[in-house]
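The values are calculated or read from the model by the stated rules, or taken from the named source; none is laboratory data. Please read all numbers here as calculations on a predicted model, not as lab measurements. Cβ coordinates were reconstructed from backbone atoms using ideal geometry, including for glycine residues, and neighbour counts include every protein chain displayed.
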Amino acid sequence: MASSHEESTHPTPAVYAKIAVTLALITAAEVAILYIDSLRGLIIPIFVVMSTIKFAMVAMFYMHLKFDNKLFTLFFVSGLALATGVIFALLILFGALGEGRYGSPEVVSAEIGHGSDTHSTDHGHKETSKNGETSADHATGAKSDHADTKADIASKDSSTTSTTTIEIGTKGDQLFFDQEKMSGKAGDHITVKLVNSAGAQQHNWVLVPAGPARLEIATAGMTAATTGWVPNDDRIVAHTELINPGESGGVTFQVPSEGAYEFVCTFPGHSFTMFGAFEITQ
Amino acid sequence: MANITENTGHETTTGLDHRKLLIWAFLGSECMFFGSLIATYLVYYGQGTPGTPTPLQVLDIPTTSTSTFVLLMSSFMMVMSYNAISKGNVKNFRIWIMCTAILGATFLGFQFYEFREFAVHYGLTPRTNLFGTTFFTTTGFHGAHVTVGVIWLVSLFLYSYRGDLTKDHGLMVDIAALYWHFVDVVWIVIFTLVYLIPVGVSGGT
Amino acid sequence: MASISNVLRRPTSTTGVWGWITTIDHKKIGIMYGVSSFTFFLIGGLEAFLIRLQLARPEHAVVSPEVYSQLFTMHALTMIFLGVMPLSAAFFNLVIPLMIGARDVAFPRLNALSLWIFILGALMFQSGWFLGGSPNSGWFAYAPLTSSTFSPGNGMDFYTLGLGVLGVSSVAAALNFIVTIINMRAPGMTLMRMPVFVWMTLVTSILLVTAFPVITVGLIELFLDRRFGFNFFNPDAGADVVLWQHLFWVFGHPEVYILILPAMGIVTEILPTFSKKPLFGYPVIVFSGIAIGFMGWAVWSHHMFTVGLGPIANSVFALTTMTIAVPTGVKIFNWIGTMWGGNIELKTPMLFSIGFIFLFIIGGLSGVMHSIAPSDAQQQDTYFIVAHIHYVLFGGSIFAIMGGIYYWFPKASGRMLSESIGKVSFWLMFIGMNVTFFPMHFLGMDGMPRRQYTYDSSYGWDFWNLVATIGVFLLAAGVIAFVHNFFRSLRKGEIAGNDPWDARTLEWSIPSPPPEYNFAEIPIVNSRDAFWEQKQRGEAGEQGTGAGYGEEEHHDIHMPSPSYWPLVMAIGLTAAAYGMLYSYPLAALGAFVTMVGIYAWSMEPVTASEDH
């Protein structure tokens, strides 16, 4: 009588134990790989493969799918495939894959203060095409192909101490800057250049004290239509003009000597997601 | 074409027990549940509130790999306990299943410790920022599933003293085991996506 | 052996109120689903009636704007979750085991659990009206309107908790039917010999168990945001409120196929019976149903064309949406092919089924119009969408369900519904439906938005709004005629016998109403339309005449025994839900009661006083 429990090769406790050891070893290896710098570029595929092996071993042997009626495998794999599909679809729709936020070294490095803050705005550009911008192609923001408009850029070879130029861009049409953190050395004169790679949005960049001031200033800015949505507020350290889509513009200013600051776009409604921390380094 | 199952003695179209079909269909459904939680986590990953804790600041790989190891070993114990009961060995079954439950509870202990560290030491709660919200919810629901599992296993242990778990080749244990292994594989996914990959990508060990 | 289940002695009665409360018999459960859901359907109809009264004239003030928001929200939620879905469940319960030659479903107590969770959850849902306000954000509850800032009060918590509880009922029932259909078919009934209604139930059940978890997660996230200050939909924390829309519609689109596939299944049973012809293209109809189930996962963002997802996303979803019209169209051609050249009998079930085809085509056409993303930018959120919704859900699901009621009422009750009242009811509903909803196409094209409390005369919407409201009176008359028919026929309807329609599937081979054990002998199936084939061969004999089905016979068939525990668990779960809203001790108590129910249930044997 055909029965689901008659398998030709029912695993023995020894097999189960070997699998347990394998699972432990793979886990140990995963942790070890974290310390191997040279593998960092491949780390996502490596971890995906290793976890898939662990997953499959538990499913096929411990959960017995290898030996049982294929109907069980069908149920489980269908649910798994559908869930994976939904996850990927959402990640794509939110632009969170690849050059988006998840798995993006820039974001995680920025969080722990690694590396320089001068990021090319290629992300913004790639992001744009991923979201299917049909408006005219934007020139890469990294180069100065954009005509500097009436943007208020002090000349880069200013007569004061050497000026660093920091570029910051937007993530295509999403209401995000492409960096969450910027920094400047206390007392330095720096130029912050905002590259607006959006297809249809205007943006600005305003440096304000950290904390409630950001939203207060942004709220006040909602009525400041004639001044590029920048209100008259003493707390503002520096700000760019309102930059049109596809253009760039900047502001040169002296970094304060101390304190906690944030940058924000004060175009009405953008301040909820277009902001970041500005760190003063000594 | 109706086959009489060895298990229950009544005929089913596929020869499989109703309850096994049920648990597998349920696990397929649970894939969608955890999938949606994980999707939320991944979509929001990297959205920070300046000045609040970030994943790389708080995630503790050594501790979590230990708890992952604990949970993986509990799956081994589980499979051994089913092996015992399906052979009619109630005494061994009891030992193995209690070990499984203890390891499961240990995993929960690690989680509780981690949650407390985050909240007390780093000031990270679900309200603090999006990472807090998504992290605590995803791992919290997983932990809730583990808790249900531990209660289930202890119940089976107690039941073994008054009822007959060897019936139907230990089907009742088989079903609990499937649930338990599922919770384990979900953790494998979470461990990889929440802990290993972000830490690995940033090189911030 | 002392046990919890001995403290409360196992119920044994199968009659009387207690018999109904503790029943695990799929037929009784189906009837209870039917009666309760039809009642909620009437409540939803009342809500619609008030909406239409409010909109009959410009600048009307039948209700306040606040109440109006609750009315349109609850109308949709009631009709979908407390109306169409449980009405479908009523048919699953009454008909599926009979169609596959089984004595009950795979898990009878789980079945009862689904019923009681539904009834209590539905009551909880409606209790918002009396407890400070019902949900008022539209049935899709977009964030951040639903946050505690913008929706203070408990209304939206009734939404999250109520739908969460109802979801448990639906998923449990769906799991039950998946196992039943796969594992309890009569010998010889291969998958491709099952009636199409069984196939559609299987596909619907698979959609339910995969789609509901997604909305459950969304509801949990919204609940946590509202009640505990989490940040899932908090823009200040960097959250994206569009995530709610995605989670909702990833569920919401399969949900509409959950609403229509059973209806299509019902129509697919009725048409061959009243055409005296086999179904045209059985394999194709089955595969189209499966295809619709699959493809339904790929279209959800067509509800979000105007959110700003970008041209690529919009194009992809527009294409997938257009594609899903193909299997639907295939089914329509097959239904027409079934009727073509047949010996058509225009009894009430057939009228509703033909009405279904006609009205569903109209609804489908407007649906395809929505799929054209740029065009949808004009249609979205206008009454054009409202027109589409009601053609497919009322003209579609409800008409099919009405047809199903007329078709299977004789089987469930042993009596026929009146044909003459039935025809009157049909025509009133058919004409009323078109008078109400067709003008909404015009209103939508003229720019009238959805969820609109009132309007100014200068927009030129007065005339069609008035016409639509008049249509509602016709509709209501048709429904009232049906209700009258129902009660009258229970008392005085013509006795039905086993097979009043000379039908094709196994449920017609047994008495009406069936005995508790359904089949005296499980039939052996050799083909599709097995019962019809039997009749043609002159073998319908004993089972068909009712001989051998007496009350005192068949003691050798052991049926599962009634049980309290499903009801106890349902009470516990609902109490826990109320507790999450009002009082954590109550929530803990509810959870405890639920646990007690689980333990007692698992220790209780399937059949009382087992002697093996």
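Residues of region B:111-138 that are touching a residue at least 12 places away in the same chain (Cβ under 8 Å), over 23 Å from the mean Cα position of the chain (by Cα) and surrounded by fewer than 24 Cβ atoms within 10 Å (Cβ to Cβ): B:Y122, B:G123, B:L124, B:T128. Could you tell me whether B:M98 is part of a helix (DSSP H, G or I), at the interface with another protein chain (Cβ under 10 Å from one of its Cβ atoms), in contact (Cβ under 8 Å) with a residue 12 or more places away in the chain and within 22 Å of B:S155 (Cα to Cα)? So B:M98 fails the test. Filtering region C:173-192 to residues that are buried (at least 24 other Cβ atoms within 10 Å of the Cβ) and either among the hydroxyl-bearing types (S, T, Y) or more than 7 Å from chain B (Cβ to nearest Cβ) (or both) leaves C:A173, C:A174, C:N176, C:F177, C:T180, C:I181, C:M189. Exactly one residue among C:L175, C:L161, C:L166, C:L191 is on the phi < 0 side of the Ramachandran plot and within 14 Å of the chain's Cα centre (by Cα), and that residue is C:L166. Close Cβ contacts (under 8 Å, 6 or more residues apart or on different chains) running from residues in region A:53-78 that are at the interface with another protein chain (Cβ under 9 Å from one of its Cβ atoms) to residues that are of a type in the set (G, A, S) and surrounded by fewer than 17 Cβ atoms within 10 Å (Cβ to Cβ) are absent.
So that you can scan it fast, the table gives a plain yes or no per residue for (1) at pLDDT below 90; (2) crowded, with 21+ Cβ neighbours inside 10 Å; (3) not acidic (D, E):
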residue: C:A503; (1), (2), (3): no, yes, yes
residue: C:I522; (1), (2), (3): no, no, yes
residue: C:G550; (1), (2), (3): yes, no, yes
residue: C:W565; (1), (2), (3): no, yes, yes
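Selection of region B:60-90 for residues being over 21 Å from A:Y62 (Cα atoms) and out of contact with any Asp or Glu (no Cβ under 9 Å at 6 or more places or on another chain) yields B:I61, B:P62.
A residue that is in contact with a helix residue (DSSP H, G or I) (Cβ under 9 Å, 6 or more places away or on another chain) and part of a strand (DSSP E or B) occurs somewhere in region A:253-262. When we screen B:T8, B:T52, B:T14 for residues that are among the β-branched types (V, I, T), more than 30 Å from C:I182 (Cβ to Cβ) and either modelled with pLDDT under 95 or in contact with a helix residue (DSSP H, G or I) (Cβ under 7 Å, 6 or more places away or on another chain) (or both), the only hit is B:T52. In region B:73-91, the condition of being surrounded by fewer than 18 Cβ atoms within 10 Å (Cβ to Cβ), part of a helix (DSSP H, G or I) and either of a type outside the set (F, W, Y) or more than 7 Å from chain A (Cβ to nearest Cβ) (or both) is met by at least one residue. Counting only helices (runs of 4 or more DSSP H) wholly contained in region B:112-205, the ones carrying 1 or more residues that are at pLDDT 95 or above and more than 11 Å from every other protein chain (Cβ to nearest Cβ) occupy B:130-159, B:171-190.
Please work out if C:H302 is of a type outside the set (K, R), over 21 Å from the mean Cα position of the chain (by Cα) and either assigned to a helix (DSSP H, G or I) or within 26 Å of C:W408 (Cβ to Cβ) (or both). Answer is yes for this residue. Taken together, the criteria place A:G85 among residues that are facing another protein chain (nearest Cβ under 8 Å), surrounded by fewer than 18 Cβ atoms within 10 Å (Cβ to Cβ), at pLDDT 95 or above and in contact with a helix residue (DSSP H, G or I) (Cβ under 8 Å, 6 or more places away or on another chain). Do we find that C:L243 is surrounded by fewer than 23 Cβ atoms within 10 Å (Cβ to Cβ), at negative phi and in contact with a Leu (Cβ under 9 Å, 6 or more places away or on another chain) in this structure? It is true that C:L243 is surrounded by fewer than 23 Cβ atoms within 10 Å (Cβ to Cβ), at negative phi and in contact with a Leu (Cβ under 9 Å, 6 or more places away or on another chain). If you go through region A:41-50 and keep only what is without any contact (Cβ under 8 Å) to a residue 40 or more places away in the chain and surrounded by 13 or more Cβ atoms within 10 Å (Cβ to Cβ), you end up with A:I43, A:I46, A:F47, A:V48, A:M50. Exactly one residue out of C:S315, C:S288 is within 25 Å of the chain's Cα centre (by Cα) and either free of Cβ contacts under 8 Å to residues at least 60 places away in the same chain or away from every other protein chain (no Cβ under 14 Å) (or both): that is C:S288. Among residues of region B:34-49 that are free of Cβ contacts under 8 Å to residues at least 12 places away in the same chain, those with a beta-carbon under 9 Å from a residue that is among the aromatic types (F, W, Y) and assigned to a loop (DSSP other than H, G, I, E, B) at least six positions away or on a different chain give the pairs B:V43/A:F94; B:V43/A:Y102; B:G46/A:Y102. A count restricted to region B:11-50 and to residues that are more than 7 Å from every other protein chain (Cβ to nearest Cβ) and part of a loop (DSSP other than H, G, I, E, B) stands at 1. Just one residue in the set C:P11, C:P86 is in contact (Cβ under 8 Å) with a residue 40 or more places away in the chain and part of a helix (DSSP H, G or I); that residue is C:P86.
When A:V31, A:V108 are checked against the criterion of being facing chain B (nearest Cβ under 8 Å) and at pLDDT below 60, a single residue qualifies: A:V108.
Every residue in region C:123-158 that is free of Cβ contacts under 8 Å to residues at least 12 places away in the same chain and of a type in the set (V, I, T), please. Once the filter is applied, which keeps residues that are free of Cβ contacts under 8 Å to residues at least 12 places away in the same chain and of a type in the set (V, I, T), region C:123-158 yields only C:T149.
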